[in-house]
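In what follows, a single structure is set out as structure tokens and then discussed.
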Amino acid sequence: MSYTTTTCFHSCFLLFCLLSALSCVSMFSGIETGDLEKRDDLFPQILRDEAVARLYELGKVSDGKGYLERTFLSPASMRAINLIRKWMEDAGLRTWVDQMGNVHGRVDGANANAEALLIGSHMDTVVDAGMFDGSLGIVSAISALKAMHFNGKLEKLKRPVEVIAFSDEEGVRFQTTFLGSGAIAGILPATTLEISDKRDVMIKDFLKENSIDITEESLLKLKYDPKSVWGYVEVHIEQGPVLEQVGFPLGVVKGIAGQTRLKVTVRGSQGHAGTVPMSMRQDPMAAAAEQIVVLESLCKHPEEYLSYDAHCSDSTVKSLSSSLVCTVGEISTWPSASNVIPGQVTYTVDIRAIDDLGREAVIYDLSKQIYQICDKRSVSCIIEHKHDAGAVICDSDLSSQLKSATYSALKKMEGDIQEEVPTLMSGAGHDAMAISHLTKVGMLFVRCRGGISHSPQEHVLDNDVWAAGLATLSFLENLS
């Protein structure tokens, strides 16, 4: 999930998700292994033991010393690419790496001309990351296909299956998400290659440094033909506390909140901290601080700020009250010295909501308030839209198949299952958002301890990894 994604949802958003899952309260606090390891159809050595070992191995592939950091096409990402390709080939897949650094592993199955199922997640991380975000979806898919390869069913798949490890979902280095999946979906404009990082290195130049010579024309050619794709499925840790709260290892995702990222630059008058009177200051730091407090208030109480009109109805505001979350995740100042009034302050804003019209209304009102504060304080403001993604509703048929696969997997592991598989919304962004522009999408969430993500404390139980792999296997075996 993107680098500013919160690991703790707004309390109202948590309530919203809990209400979706309350009817599914279960005793799945932990799956007992017992004699399960002796059953051939559960593949514990592949779907649990090896999968967990691979997650830990990939979690050690890092550019940071003592913490996990693996950003777009960094040296660690290049090592991860080689490792993932090796695992794909071990599962009987044909592999390649495209010009945006996405790793592909494909099997044609019984009908190479049929529309393909795409399945996967992202291999990049945030800074000081956990080892399951993104990686679990990649490893679960590879493990499930390896189990099919092991029992001779891989070539009997009814349609081609392609695992993709996307190169950049988090957007850490270039402050723009979905570089990997966006290229496949064909939603990246050609100007994407001109985006620069904090050191003013453009994406196209960075790719050249990694021996990838990409042009605007070749970027556009990375897009898959929608007629060649049947659908996309992504397994991902929940990154929230709902599944743990209801005591279930897996849940089916109904939809993904829309997301906007802004970059706000406030410019004032740089000066000496001891000689400029308070009444004469044009301080961008004070202006930015006031703007951030206004953002927090707006997002906590949207009903007190937004006006009701044709674009912002009562139902829209009610939806915002249960799903809107806003975050300022990064602030930088210039020249950043304790005895200098800053000349410039830049900060990021991350806004998410299930209702797209409501999110747009929040952005409109926030922008108005930011400019008013700048005018009042005699400083200048620039608001840049760095990322916009509309809310995504998952395909009902894919969701139904994922629910059936989950039920089948848990029934094999636990016996008779009386409870419904939980369904919930995602407040975090995922590659499925980008791929939804190409084909129908479905997602399966996996329980994570405490709902913690984007942290070294991120953790998934070994048997929940097993359950995810087994559900993926069941889904693949029953492909139509």
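The values are calculated or read from the model by the stated rules, or taken from the named source; none is laboratory data. From a predicted model like this one, the values you see are computed outputs, not experimental measurements. Don't worry about glycine lacking a Cβ; one is built from the backbone with ideal geometry, like all the others, and counts go over all protein chains shown. Protein only, heavy atoms only, side chains kept; ligands, DNA and RNA dropped before computing areas. Shrake-Rupley method; radii C 1.70, N 1.55, O 1.52, S 1.80 Å.
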To one decimal place, what Kirkwood hydrodynamic radius in Å is obtained for the stretch 91-238 from all pairs of distinct Cα atoms? 16.2 Å
Per-residue accessible area, 1.4 Å probe, largest first, puts D431, D397 in the order D397, D431
Can you give the angle from 0 to 90° between the axis of helix 11-21 and the longest principal axis of the chain, with both taken from C-alpha atoms, to the nearest 10? 20 degrees
Square roots of five times the C-alpha gyration tensor eigenvalues of the stretch 151-227, ordered largest first and given in whole Å, equal 30, 14, 12
Packing-based ranking, highest mean first, of 167-176, 410-419, 471-480 given that Cβ atoms within 10 Å are counted: 167-176, 471-480, 410-419
List the residues whose amide H sits under 5 Å from the amide H of E330, counting only those 5 or more places along or on another chain, with H placed 1.01 Å from N in the peptide plane. T348
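Distances longer than 14 Å among the Cα atoms of the stretch 180-263: what percent of all pairs is that? It would help to have the intermediate numbers written out before the result.
Details: 2652 of 3486 pairs.
Percentage above 14 Å: 76.
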May I ask you to give the solvent-accessible area per residue for the chain, in square angstrom, as obtained with a 1.4 angstrom probe? 40 Å²
To the nearest 10 Å², what's R261's accessible area with a 1.4 Å probe? 10 Å²
Taking 8 Å as the Cα distance limit and 6 or more residues as the minimum spacing, I'd like the relative contact order of the stretch 354-455 as a percentage. 31 percent
3J(HN,Hα) from dihedral phi, the stretch 259-273, Karplus parametrisation 6.51/-1.76/1.60, rounded to Hz, x for glycine, proline: 9, 10, 10, 10, 10, 10, 10, 10, 10, x, 10, 5, x, 6, 5
Under Karplus coefficients 6.51, -1.76 and 1.60, residue-wise ³J(HN,Hα) of the stretch 159-176 in Hz, glycine/proline x: 8, x, 10, 10, 8, 10, 9, 6, 6, 8, 10, 6, x, 5, 6, 9, 6, 9
Just the accessible area for D213, please: 1.4 Å probe, Å², rounded to the nearest 10? 110 Å²
Under 10 °C and 1.306 mPa s, how fast does the chain diffuse according to Stokes-Einstein, given a Kirkwood radius computed over C-alpha pairs? Answer in µm²/s, whole number. 68 µm²/s
Which order do peptides 372-378, 101-107, 116-122 fall in by mean Cβ count within 10 Å, highest first? 116-122, 101-107, 372-378
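Provide the convex hull volume over Cα atoms per residue for the stretch 53-119, in Å³. Write out the running numbers ahead of the final one.
Numbers: hull volume 6.6 nm³, N = 67.
About 99 Å³ per residue, rounded to a whole number.
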Collect residues whose amide H, placed 1.01 Å from N in the peptide plane, falls under 5 Å from the amide H of S121; neighbours closer than 5 in sequence don't count. I138, I164, F166
At a threshold of 8 angstrom on Cα-Cα distance, excluding pairs fewer than six apart, so keeping six or more, what relative contact order does the stretch 277-385 reach in percent? 33 percent
To test your reading of the geometry: what angle, between 0 and 90 degrees and rounded to tens, separates the Cα axis of helix 396-414 from the longest principal axis of the chain? 60 degrees
For the stretch 71-179, what % of the accessible area comes from carbon and sulfur atoms, probe 1.4 Å? 50 percent
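So what is the calculated 222 nm ellipticity per residue for the chain, using -39500 (n - 2.57) for each DSSP H run with n of 4 or more, over all residues, to the nearest 500 deg cm²/dmol? Walk me through the numbers before you get to the answer.
Working: 14 runs with 165 residues, N = 480.
Only helices count here, giving -10500 deg cm²/dmol.
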For the stretch 204-211, Karplus couplings with θ = phi - 60° (6.51, -1.76, 1.60), whole Hz, Gly/Pro x: 5, 6, 5, 5, 4, 4, 9, 6
List the residues whose amide H sits under 5 Å from the amide H of M443, counting only those 5 or more places along or on another chain, with H placed 1.01 Å from N in the peptide plane. E234, V253
